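Asks: I have a structure here, written as structure tokens, and I will follow up with some questions on it.
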Amino acid sequence: MQRSGVVARIERERVVAVIRLDDPDKLRSVIEALAEGGVRVIEVTMTVPRAIELIAQVAGSAHDDVMIGAGPVLDAATARQAIDAGARFVVSPVFRREVLAACHERGVPAMPGCFTPTEILDAWDAGADIVKVFPSTALGPTFIKDVRAPLPQVKLMPTGGVSIDNAADWLRAGAVAVGIGSALVDAAAVKAGDFASLTRRAEQIMASVNEVRLKPDATTA
């Protein structure tokens, strides 16, 4: 899949699961549980032990409808390692041009993290495929709507502060997708091996997302 195709897939799916785990042996089970619930775009974070090795394993054996990415990536060398391991997209918590360049050299979308409108536009003008609005915890969906009013061309993905209950609000405000971590991948459930609860959470958020698709907000459609 070409870079544009990966971006289109993220926009179509509209949910990126951000997986942070202490036990790397549970990664595959988490991915399978989320995929069963309909969440099939997965960001494996570099904080997971042996993250690059695991990306290579799951990217090579994951079902065709599961797309694996890497994040949060802070430097070009790590970006290249993750891509070489099979990551289809790279997410960063900050905007660093060298990371963006490394991704595009290999034909992979870069999703840098930005917080202010100036950072967002700088990253977009530098070639960001999607701008991760981070941390979104203190901002709220209105921020997305306000930024897109003068910058409708920018593709925004809030991460941090996104929950199953409010994911639809971010999308109605104009986000092309949402990144969701602990609200979806509950640490206690993972530790207990309760992967069925992860599937239920995935089903809940996808039901909410699909409702936005079917009934777009009149102010943002």
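Asks: How many of the residues in region 48-83 are modelled with pLDDT of 95 or more, charged (D, E, K, R) and touching a Lys or Arg at 6+ places or on another chain (Cβ under 8 Å)?
Replies: Qualifying residue count, region 48-83: 2.
Asks: Has region 160-167 got at least one residue that is within 27 Å of ALA33 (Cα to Cα), touching a Pro at 6+ places or on another chain (Cβ under 9 Å) and open to solvent by 30 Å² or more (accessible area, probe 1.4 Å)?
Replies: Yes, there is a match, as at least one residue in region 160-167 is within 27 Å of ALA33 (Cα to Cα), touching a Pro at 6+ places or on another chain (Cβ under 9 Å) and open to solvent by 30 Å² or more (accessible area, probe 1.4 Å).
Asks: I need every pair where a residue in region 131-152 that is touching a residue at least 24 places away in the same chain (Cβ under 8 Å) and assigned to a helix (DSSP H, G or I) has its Cβ under 7 Å from the Cβ of a residue that is open to solvent by less than 40 Å² (accessible area, probe 1.4 Å) and among the small types (Gly, Ala, Ser), sequence separation at least 6 or different chains.
Replies: PRO141/ALA173; THR142/ALA173; ILE144/ALA173; ILE144/GLY174; ILE144/ALA175; LYS145/ALA173; LYS145/GLY174; ARG148/GLY174
Asks: Could you give me the residue pairs with C-beta distances under 6 Å whose first residue belongs to region 21-34 and is within 16 Å of ILE52 (Cβ to Cβ), whose second residue is open to solvent by 100 Å² or more (accessible area, probe 1.4 Å) wherever it lies, and which are 6+ apart or on separate chains?
Replies: Cβ pairs passing all conditions: PRO24/ARG50.
Asks: Return the only residue of CYS114, CYS103 being touching a helix residue (DSSP H, G or I) at 6+ places or on another chain (Cβ under 9 Å), over 22 Å from VAL48 (Cα atoms) and not basic (Lys, Arg).
Replies: CYS114
Asks: Here's a check for you: in region 111-130, which residue that is within 28 Å of GLY5 (Cβ to Cβ) and without any contact (Cβ under 8 Å) to a residue 24 or more places away in the chain is surrounded by the most Cβ atoms within 10 Å (Cβ to Cβ)?
Replies: PRO112
The values are calculated or read from the model by the stated rules, or taken from the named source; none is laboratory data. Please read all numbers here as calculations on a predicted model, not as lab measurements. Every residue, glycine as well, gets a Cβ built from its backbone with ideal geometry; the counts of neighbours run over all protein chains shown. Keep in mind that these areas ignore ligands, DNA and RNA; they rest on the heavy atoms of the full protein, side chains included. Shrake-Rupley method; radii C 1.70, N 1.55, O 1.52, S 1.80 Å.
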